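Novice: Before I ask anything, let me first share the structure, which is written out below as structure tokens.
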Amino acid sequence: MAFNTGLSGLRAASVDLDVTGNNIANASTVGFKGSRVQFGDLYANGFLSSGSSPIGDGVRVQDVQQSFAQGNISFTDNGLDMAINGDGFFVLNNGGEVRYSRAGQFGIDKDGFVTNNQNMRVQGFQADDDGNLSGIRGDLQVDTANLAPQRTTNIESELNLDSREGVLEVSGTRVQTAQPAVGTSTTAQTLTITYSDGSTRNVSVPAGSEASATADLLNQQDDISASARTEYTLAASEVQAGETVTVQGTDFDIPAGEPNPIDWLRDALNNSPLNSVSATIDGAGDLRIVESRGNDLTVSYQSGAGIVTETQVGSVNITLGRDVTLTSDGNLLAGSSSQPFRTNQFDPNDQGTYNHATSTTIYDSLGNPHEITQYFVKEPVTGGASVWAMYVQIDGEDVGDPPLPTGGPSPARYELQFNTDGTLESIDGNPNGEVLISNWTPLDSNGDPNGSSGPLLISSGGVTPIPDPPTSSNFVINLEDTTQFGSDFGVNDQRQNGFATGRLSGLDVSDTGILFARYTNGQSQTLGQVALASFNNTTGLAPVGETTWVETFDSGQPIIGRPDTGTLGAIKASSVEESNVDLSAELVNLIIAQRNYQANAKTIETSDAVTQTIINLR
């Protein structure tokens, strides 16, 4: 019996030596988890009762259990190396077999898949072309192709215009034409512009011309600029719930039972595709509808006498340069008012004709860069309103819509009106703070169209917001947060959403395991997110080599989720988790295992001596 007892001790000590030696051998293995041997004593037992002898029968190895305690995290120079700080395992695809590992030494294979040293593919949550993460799990792959360019569709322009600035020192005259009565229009007439040197120039205005067309004709003349505006007042009594109001051919069906129909109609107009139309409620409670471009404004509504349709012609605001006068042989200037003032005649090539300017780069559909410049000109205060004019040019070219009668873009001029607290009230009467640029044709260095998407005029269906995906060169300038405070002009924020094509320049990993691709154009894109798995019984996992484990019945099924959620740990990029083997403790264990082996061998040697003594009895 002593032989068996000693032999079981030798076997147990041998296993202990093997496990300790394995721990020592893997003390520098990334992601390795040390093991320890668990022993149990042996006793003879009967089926119904304990054995008659209380003497033990030796020892046996009950289990070799791994310790999944956290190992130290060390930094590396590989951006794709990852360490898990906390609970969880990387999920690896080994040719269809799923394995789990804490070793995060990863790289890219020839097909762009993220793999470990044994070409097992790292599993993660996929991202779509726009970088939006989904719940679909698969092999993480890095697309090494160039990043396609994205055209500019939105510019956020947050500025401060210095309210202390004065109107630039150039004399002029402002003429505000009267708005004709509803249903009337201008007659055919000739406008005569007389300059300071005595020369004259005639401008023919056809009968029935819209105010916007008259303004376009005047904008083609030297030392004169013009803008147009149409206002129509709809009485509150004509706006009823359950009825329809039609503006510029668009029906607005007021819901039956609507408690505030005029408020509903105001909001509907301000949020409609009619970009140049806005609405406010005046002091009398009536609805004031404004067409900011000066086009004829047609409104239909239901009245006691049936459907009433009225068309309102706009008025023209004319700015004349120094010693320039304007006369007419028709009714355009009848009832108009004139006011001399000191202002400037805007010239983008003369810095003395504008107060401030700022530029930024935008991109067409082919990824070609272009420079957009916004010029700001302080206007005289009229009617208590504080107004700045904003002019927009791209690559030094006008981009105004509607086009000139010659077909080319008109000067893009917009009036920014500010409240008394310095916040922006409206742009051309529109309270949403947006400007639609809808007449830009991207040009090459020779001044010819470069083949990218061209403009979509408002008259042809250009609207805001810009459709997704965009089909034209149209974009929006958002000036909602622009202010007019008594401090220096400043660009607080200026950003746009376009970019040129880019080549892959690097990869980054966040603490939540999100894989980002960095490109030479300064953009980054989400490629996916590393998936982590946890188990109810981690020690039930079966080691299969290569610092990996597989699921077993004892471990239970994996719970797979995103890093740093639930009980899962966070990801540390450019880092690896070292082995959790304590080398000093293992060397002590080695001495103990050696001592145990020698002691059990001594038991066998002593039993052999006793047996030999019995044999030698005569």
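The values are calculated or read from the model by the stated rules, or taken from the named source; none is laboratory data. Only a predicted model underlies this, so the values are computations on that prediction, with no experimental measurement involved. For neighbour counting, all protein chains shown are included, and Cβ atoms are generated from backbone atoms with ideal geometry for every residue, glycine included.
Novice: Would you please list the contacts, defined by Cβ atoms under 8 Å and residues six or more apart or on different chains, that run from a residue in the range 389-400 that is touching a residue at least 12 places away in the same chain (Cβ under 8 Å) and not assigned by TED's automatic domain parsing to the domain that holds Leu159 to a residue that is assigned to a strand (DSSP E or B) and buried (at least 20 other Cβ atoms within 10 Å of the Cβ)?
Specialist: Hits for this filter: zero, empty list.
Novice: Could you tell me whether Leu366 is not acidic (Asp, Glu) and not in a strand (DSSP E or B)?
Specialist: Yes, satisfied.
Novice: Suppose we filter Ser579, Ser584 for residues that are in contact with a Phe, Trp or Tyr (Cβ under 6 Å, 6 or more places away or on another chain), under 30 Å from Ala12 (Cβ atoms) and either in a strand (DSSP E or B) or of a type outside the set (Asp, Glu) (or both); which single one remains?
Specialist: Going through Ser579, Ser584 in turn, the sole match is Ser579.
Novice: May I ask you to list the residues in the range 430-488 that are among the acidic types (Asp, Glu) and part of a strand (DSSP E or B)?
Specialist: Glu434
Novice: Here is a follow-up. Among the residues of the range 473-482, which ones are surrounded by fewer than 20 Cβ atoms within 10 Å (Cβ to Cβ) and out of contact with any Leu (no Cβ under 7 Å at 6 or more places or on another chain)?
Specialist: Within the range 473-482, Asn478, Asp481 qualify.
Novice: Taking Thr360 as the residue in question, decide whether it is outside the structural domain of Ala215 (by TED's automatic domain parsing), part of a strand (DSSP E or B) and polar (S, T, N, Q).
Specialist: Here the answer is yes, as Thr360 does meet what is asked.
Novice: Follow-up. Restricting attention to the range 370-391, which residues are more than 36 Å from the chain's Cα centre (by Cα) and among the aliphatic types (A, V, I, L, M)?
Specialist: Within the range 370-391, Val381, Ala385 meet the criteria.
Novice: Scanning for something among the hydrophobic types (A, V, I, L, M, F, W, C) and closer than 20 Å to Ala215 by Cα, does the range 397-409 turn up at least one residue?
Specialist: Checked the range 397-409: at least one residue is among the hydrophobic types (A, V, I, L, M, F, W, C) and closer than 20 Å to Ala215 by Cα.
Novice: Could you list, ordered by first residue, the pairs with Cβ atoms under 7 Å in which the first is in the range 318-335 and in the same structural domain as Thr184 (by TED's automatic domain parsing) and the second is surrounded by 15 or more Cβ atoms within 10 Å (Cβ to Cβ) and aromatic (Phe, Trp, Tyr), at least 6 apart or interchain?
Specialist: From residues that are in the same structural domain as Thr184 (by TED's automatic domain parsing), the pairs are Val324/Tyr195.
Novice: Taking the residues in the range 147-206 that are free of Cβ contacts under 8 Å to residues at least 40 places away in the same chain, assigned to a strand (DSSP E or B) and not small (Gly, Ala, Ser) as candidates, determine which candidate is farthest from Glu231 (Cα to Cα).
Specialist: Thr200
Novice: Quick test for you: out of Val491, Val476, Val463, pick the one residue that is hydrophobic (A, V, I, L, M, F, W, C), under 20 Å from the mean Cα position of the chain (by Cα) and not assigned by TED's automatic domain parsing to the domain that holds Ser212.
Specialist: Only one candidate passes the filter, namely Val476.
Novice: What pairs come up if the first residue lies in the range 551-563 and is farther than 19 Å from Gln65 by Cα, the second is in a loop (DSSP other than H, G, I, E, B) and of a type outside the set (A, V, I, L, M), and their beta carbons are under 7 Å apart, counting only those six or more places apart or on different chains?
Specialist: Listed pairs, sorted by first residue: Gln557/Glu551; Pro558/Phe535; Pro558/Glu551; Arg562/Thr512; Arg562/Gly513; Pro563/Thr512; Pro563/Gly513; Pro563/Gly569.
Novice: On to the next question. Can you tell me which residue within the range 284-307, out of those that are modelled with pLDDT of 85 or more and surrounded by fewer than 13 Cβ atoms within 10 Å (Cβ to Cβ), is nearest to Ser185 (Cα to Cα)?
Specialist: Only one residue tops the list, namely Ile307.
Novice: Can you pull out every residue in the range 489-502 that is within 28 Å of Val377 (Cβ to Cβ), in a strand (DSSP E or B) and among the hydrophobic types (A, V, I, L, M, F, W, C)?
Specialist: Scanning the range 489-502 gives a single hit, Val491.
Novice: With a cut-off of at least 1 residues that are without any contact (Cβ under 8 Å) to a residue 24 or more places away in the chain and touching a helix residue (DSSP H, G or I) at 6+ places or on another chain (Cβ under 8 Å), name the strands (runs of 3 or more DSSP E) lying wholly within the range 224-270.
Specialist: 250-253
Novice: On to the next question. Looking only at the range 370-404, which residues are among the aliphatic types (A, V, I, L, M), surrounded by fewer than 20 Cβ atoms within 10 Å (Cβ to Cβ) and assigned to a loop (DSSP other than H, G, I, E, B)?
Specialist: Val381, Leu404
Novice: Next question. Would you please name the residue that is farthest from Asn26 (Cα to Cα), looking only at residues in the range 587-618 that are without any contact (Cβ under 8 Å) to a residue 24 or more places away in the chain, part of a helix (DSSP H, G or I) and of a type in the set (S, T, N, Q)?
Specialist: Filtering the range 587-618 for residues that are without any contact (Cβ under 8 Å) to a residue 24 or more places away in the chain, part of a helix (DSSP H, G or I) and of a type in the set (S, T, N, Q), the one farthest from Asn26 (Cα to Cα) comes out as Thr613.
Novice: Please indicate, with yes or no, whether at least one residue in the range 32-55 is in the same structural domain as Thr603 (by TED's automatic domain parsing), outside any strand (DSSP E or B), buried (at least 16 other Cβ atoms within 10 Å of the Cβ) and modelled with pLDDT under 80.
Specialist: No, the range 32-55 contains no residue that is in the same structural domain as Thr603 (by TED's automatic domain parsing), outside any strand (DSSP E or B), buried (at least 16 other Cβ atoms within 10 Å of the Cβ) and modelled with pLDDT under 80.
Novice: Collect the residues in the range 542-557 that are in contact with a Phe, Trp or Tyr (Cβ under 8 Å, 6 or more places away or on another chain), assigned to a loop (DSSP other than H, G, I, E, B), more than 16 Å from Met120 (Cβ to Cβ) and not polar (S, T, N, Q), keeping them in residue-number order.
Specialist: Gly556
Novice: When you go through (1) among the small types (Gly, Ala, Ser); (2) more than 26 Å from Thr250 (Cα to Cα); (3) modelled with pLDDT of 90 or more; (4) assigned to a loop (DSSP other than H, G, I, E, B) one by one for Gly407, which number turns out not to apply?
Specialist: Unmet condition: (3).
Novice: What's the number of the condition Phe90 fails, among (1) closer than 19 Å to Gln118 by Cα; (2) surrounded by fewer than 16 Cβ atoms within 10 Å (Cβ to Cβ); (3) not acidic (Asp, Glu)?
Specialist: Only one criterion is unmet by Phe90, namely (2).
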